[in-house]
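Input: one structure, supplied below.
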Amino acid sequence: MKLAKNFFRRHAAVVRLTHWINALCLVFLLMSGLNIFNARPDLYWGSKSTFSHPLLSIGSDDSGVNPKGVTKVFGHSFTTTGVLGVSGDGDERAFPAWSTIPSDYDLATARRWHFLFAWLFVLNGLLYLTFSISSGHVRRDLIPRRDELRKIGPTLVDHLRLRFPHGEEAKRYNVVQMMSYFIVGFILLPIMVLAGWSMSPGVDSLAHFLPQLFGGRQSARTIHFLIAWLLVLFTIVHLFMVLISGVWNNVRSMITGRYDLGQERAP
């Protein structure tokens with residue numbers, strides 16, 4: 001007897017395509033969005049900018065010999081020199097040049113990049129949604145069954161202990177993966193898109209209710225910003241899990257669809 005690889009087609013072509021387009025879009029959206037944020041590096045709640053009481057403010061303090069970066073959260077100040085407010089090269093702006101597109105502060109160009117990839121992101125999302133519903137991908141792979149929900153505790157413990165499924169169990173997302181992907185794909189991302197539309201005068205002229213849906217345009221901007229960073233956190237955790245659970249096997253499955261379930265005996 002010898003050992004042979006046991007391949008399973010884990011991801012459909014449409015899922016793989018939309019996954020990589022999403023990844024590209026989110027990189028450009030985040031980096032262009034940070035450049036846009038630099039134009040007004042404060043967050044507020046409601047329909048107006050109460051400049052004296054921001055929820056979040058990133059800026060610089062020039063009162064000393066050298067400028068220092070200062071980030072304020074709910075009125076509490078933190079020195080963030082070298083990253084936020086004042087970068088390592090002394091550049092005084094909220095987010096440093098290496099984190100924005102374009103690297104120079106250019107609001108008009110940043111908006112063009114942001115709007116271009118925002119619409120590509122929306123169209124790509126509609127393609128994924130149409131396929132997922134019509135093919136049963138949502139019901140089959142993203143909504144846990146009742147017996148799987150009962151295992152959420154042990155499954156979460158396995159994740160924390162870096163224990164990953166093999167063999168037949170690897171054919172299907174576990175309950176933690178299902179809930180994570182569903183929340184991100186069908187709750188957080190749509191809310192972020194709607195919040196982004198709420199800040200667009202062109203869209204608001206057709207859908208007057210959007211800003212009110214979030215309690216005002218400034219609230220929508222804050223929600224848009226916070227969800228963007230939740231997605232960054234999700235991406236970091238996602239990439240970490242990909243790396244430690246078998247980077248080549250995971251990447252190959254998202255490129256070719258072929259996932260190795262583990263070695264099996266062959267005659």
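The values are calculated or read from the model by the stated rules, or taken from the named source; none is laboratory data. Nothing here was measured: the structure is a model prediction, and the numbers come from that model. Neighbour counts are summed over all protein chains in view; Cβ atoms, including those assigned to glycine, are modelled from backbone coordinates with ideal geometry.
Report the residue count in the range 245-262 for those that are polar (S, T, N, Q), out of contact with any Phe, Trp or Tyr (no Cβ under 7 Å at 6 or more places or on another chain) and in a helix (DSSP H, G or I).
Of the residues in the range 245-262, 1 are polar (S, T, N, Q), out of contact with any Phe, Trp or Tyr (no Cβ under 7 Å at 6 or more places or on another chain) and in a helix (DSSP H, G or I).
Also: Output the residue which, of all residues in the range 52-106 that are aromatic (Phe, Trp, Tyr) and within 22 Å of ARG221 (Cβ to Cβ), is surrounded by the fewest Cβ atoms within 10 Å (Cβ to Cβ). Full working, then the answer.
Pass one, the range 52-106, residues aromatic (Phe, Trp, Tyr): 74, 78, 95, 98, 105.
When the remaining residues are screened for being within 22 Å of ARG221 (Cβ to Cβ), the result is 74, 78, 95, 105.
On the way: PHE74: 8, PHE78: 12, PHE95: 21, TYR105: 16.
Among those residues, the one meeting the criterion is PHE74.
Conditions (1) out of contact with any Leu (no Cβ under 8 Å at 6 or more places or on another chain); (2) within 27 Å of LEU56 (Cβ to Cβ), marked per residue:
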{"site": "ALA108", "(1), (2)": "yes, yes"}
{"site": "HIS137", "(1), (2)": "yes, no"}
{"site": "ILE143", "(1), (2)": "yes, no"}
{"site": "LEU160", "(1), (2)": "yes, no"}
{"site": "VAL184", "(1), (2)": "no, yes"}
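Pairs needed: first member in the range 64-79, on the phi > 0 side of the Ramachandran plot; second member anywhere, modelled with pLDDT of 95 or more and part of a strand (DSSP E or B); C-beta distance under 9 Å; at least 6 residues apart or different chains.
Once the first residue is on the phi > 0 side of the Ramachandran plot and sits in the range 64-79, its partners that are modelled with pLDDT of 95 or more and part of a strand (DSSP E or B) give PHE74/LEU56.
Another question, if that's okay. Since MET178 meets every condition but one in (1) surrounded by 14 or more Cβ atoms within 10 Å (Cβ to Cβ); (2) under 19 Å from the mean Cα position of the chain (by Cα); (3) under 30 Å from ALA39 (Cα atoms), which condition does it not meet?
(3)
Given the criteria more than 22 Å from the chain's Cα centre (by Cα) and closer than 24 Å to LEU17 by Cβ, does ARG172 qualify?
Yes, satisfied.
Given (1) assigned to a loop (DSSP other than H, G, I, E, B); (2) at pLDDT 90 or above, identify the lone condition not met by PHE240.
With (1) assigned to a loop (DSSP other than H, G, I, E, B); (2) at pLDDT 90 or above applied to PHE240, the lone miss is (1).
Can you tell me how many residues in the range 45-96 are outside any strand (DSSP E or B), small (Gly, Ala, Ser) and within 25 Å of SER198 (Cβ to Cβ)? Walk me through it before giving the result.
Residues of the range 45-96 outside any strand (DSSP E or B): 45-55, 62-67, 74-75, 80-81, 83-84, 88-91, 94-96.
Imposing the further condition that a residue be small (Gly, Ala, Ser) reduces the set to 46-47, 49, 52, 63-64, 75, 88, 90, 94.
Remaining after also requiring within 25 Å of SER198 (Cβ to Cβ): 46-47, 49, 52, 94.
Count: 5.
Could you pull out the residue among ARG217, ARG221, ARG252 that is surrounded by 15 or more Cβ atoms within 10 Å (Cβ to Cβ) and either polar (S, T, N, Q) or without any contact (Cβ under 8 Å) to a residue 12 or more places away in the chain (or both)?
The unique qualifying residue is ARG252.
Condition first: over 30 Å from PHE186 (Cβ atoms), assigned to a loop (DSSP other than H, G, I, E, B) and polar (S, T, N, Q). Can you find one or more residues in the range 6-24 that meet it?
No, that holds for no residue.
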